[in-house]
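Take a look at the structure below.
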Amino acid sequence: MRGEAATFLLALQFLTRLPVQSEGLYTPARMAASVRYYPLVGLIIGGVSAAVFWGAYQVFPILIAVLLSMAASLLLTGAFHEDGLADTFDGIGGGHTPEKSLEIMKDSRIGTYGSAALVMVLGLKAFALSAIAPAIIPIALVAGHCLSRLSSLMVIATSRYVRTEGTGKPVAEGASPISLFIATATVGGVIVLWLSLQSPLALAYALGGLMIGHLFMRLFFERKLGGYTGDTLGAVQQLSELGFYLGLLAWL
């Protein structure tokens, strides 16, 4: 159990900016296994965002409350996934060869493609959420953050890492069956919670939107790179989360 707790803390440290004491926790095996807790970390991030939204909504209009909830998630993750989204669009948009794309993606500066992608995705998230009934937004945030981390994990499980080093290298060996089981069990718990509170049809639409976001993002980078990087995992998470909210909005 101590080993699993250490594995979870490594996932929490990797995906967030929470002050996790990591001394004595890290081993390559634990880091590789930490992917099993990505959806659980997403659930925590979504829970914080939902709490911020609900508290802010008691005082402010819905759009302001949504923006504050998004700001909370950005602070909690250090814009980790959003940075990957921007780098992915800069690399694919500005590179003419896979090698050039990978080189551009390593540049810490943000370009036109990345800026446009960030503005569009964050803007669409804000307006999609603010158009949803306020009572649904908290569970939508929890589910969207949790399920979109599973979406990233599915890339790790079904694709190949194309760099020799980088942020995705520690988990480049893929996802073991036990990791996939734990991750899907976490998502299963969130789905059960959703079904106890909201419409199954709404969830079906939201999952459809998430799958479209996942597939679109993979088609965008895999045909160019031949696999994934740490940046593209962040991009998949972002497009999957956005797709979840847009799918839910389509049902509404």
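Within the stretch 186-215, can you find the residues that are within 22 Å of V155 (Cβ to Cβ) and exposed (fewer than 13 other Cβ atoms within 10 Å of the Cβ)?
Passing the criteria: only G188.
Check I45, I132 and return the single one that is of a type in the set (V, I, T), out of contact with any Cys (no Cβ under 6 Å at 6 or more places or on another chain) and over 20 Å from L15 (Cβ atoms).
So the residue among I45, I132 that is of a type in the set (V, I, T), out of contact with any Cys (no Cβ under 6 Å at 6 or more places or on another chain) and over 20 Å from L15 (Cβ atoms) is I132.
Name the residue, out of I156, I92, I182, that is within 20 Å of the chain's Cα centre (by Cα), in a helix (DSSP H, G or I) and over 20 Å from Q238 (Cα atoms).
Criteria check complete, one pass: I182.
Among E241, E165, E173, E222, which is within 13 Å of P39 (Cα to Cα) and among the acidic types (D, E)?
The conditions single out E241.
Report whether or not G144 is free of Cβ contacts under 8 Å to residues at least 12 places away in the same chain and within 30 Å of Q58 (Cβ to Cβ).
No.
Do we find that G55 is at pLDDT 95 or above, among the small types (G, A, S) and in contact with a helix residue (DSSP H, G or I) (Cβ under 6 Å, 6 or more places away or on another chain) in this structure?
It is false that G55 is at pLDDT 95 or above, among the small types (G, A, S) and in contact with a helix residue (DSSP H, G or I) (Cβ under 6 Å, 6 or more places away or on another chain).
Would you check if S101 is out of contact with any helix residue (DSSP H, G or I) (no Cβ under 7 Å at 6 or more places or on another chain) and polar (S, T, N, Q)?
Answer is no for this residue.
Out of everything in the stretch 52-69 that is surrounded by fewer than 19 Cβ atoms within 10 Å (Cβ to Cβ) and free of Cβ contacts under 8 Å to residues at least 40 places away in the same chain, what residue ends up being farthest from F244 (Cα to Cα)?
Among those that are surrounded by fewer than 19 Cβ atoms within 10 Å (Cβ to Cβ) and free of Cβ contacts under 8 Å to residues at least 40 places away in the same chain, it is V59.
Filter the stretch 161-179 down to the residues that are part of a helix (DSSP H, G or I) and closer than 20 Å to G234 by Cβ, then identify the one that is modelled with the highest pLDDT.
Only one residue tops the list, namely S179.
The values are calculated or read from the model by the stated rules, or taken from the named source; none is laboratory data. As the structure is a computational prediction, the values presented were derived from the model and not from experiment. Don't worry about glycine lacking a Cβ; one is built from the backbone with ideal geometry, like all the others, and counts go over all protein chains shown.
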